[in-house]
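One structure is given below, encoded as structure tokens.
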């Protein structure tokens with residue numbers, strides 16, 4: 001190794017260390033689930049997939065306990081509705097579908113232990129564009145399922161942020 005390449009390596013390492021210190025000093029941190037202000041939450045309504053995803057996220061990422069019944073909980077997250085939709089976005093010259101628009105909507109509210117509304121009924125609406133080809137039908141079905149799972153994960157994190165912001 002020549003002296004010039006050693007100096008270049010040292011300068012790169014110093015620059016990386018300085019960048020790390022600067023980003024830590026400004027308060028930067030990776031985004032994760034917010035800390036909830038309550039020790040127990042009861043989740044009701046919605047599909048079993050959504051309830052399971054919410055329960056896992058609440059317990060694993062925020063450390064809050066899931067209550068078995070609404071009476072045991074300090075907060076009650078009620079899923080009022082959950083919808084998936086698929087509509088045609090574009091067609092080719094032959095009139096065949098080229099792209100779909102996938103939609104996922106969740107409506108929910110949060111009550112405190114006394115039954116008062118902590119988060120008014122809210123709606124989270126997410127969309128994804130989905131290119132389609134009839135020659136790759138099985139792969140496209142799997143991709144569509146993954147896109148819905150991704151939207152559900154986004155909705156769960158948005159609900160957790162709203163729950164964390166609630167005055168409970």
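What follows is calculated from the coordinates using simple rules that are stated; it is not laboratory data. From a predicted model like this one, the values you see are computed outputs, not experimental measurements. Positions of Cβ are backbone-derived with ideal geometry, glycine not excepted, and every protein chain shown enters the neighbour counts.
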Equivalent ellipsoid semi-axes - Cα gyration tensor, segment 34-165, angstrom: 36, 14, 11
Least to most buried among 112, 150 (fewest other Cβ within 10 Å first): 150, 112
Nearest-0.05 FRET efficiency for residue 49 and residue 88, computed from C-beta distance (R0 30 Å): 0.70
Taking 159, 151 and counting other C-beta atoms within 10 Å, the order from fewest to most: 151, 159
Residue 113-residue 59 pseudo-label distance in nm [points 7 Å out on the Cα-to-Cβ vector]: 2.2 nm
Approximate spin-label separation residue 66-residue 150, in nm, with each point projected 7 Å along Cα-to-Cβ: 2.5 nm
Residues 47, 87, sorted so that the one with the fewest Cβ neighbours within 10 Å comes first: 87, 47
Label-point gap, in nm, between residue 105 and residue 127 - each point 7 angstrom along Cα→Cβ: 1.2 nm
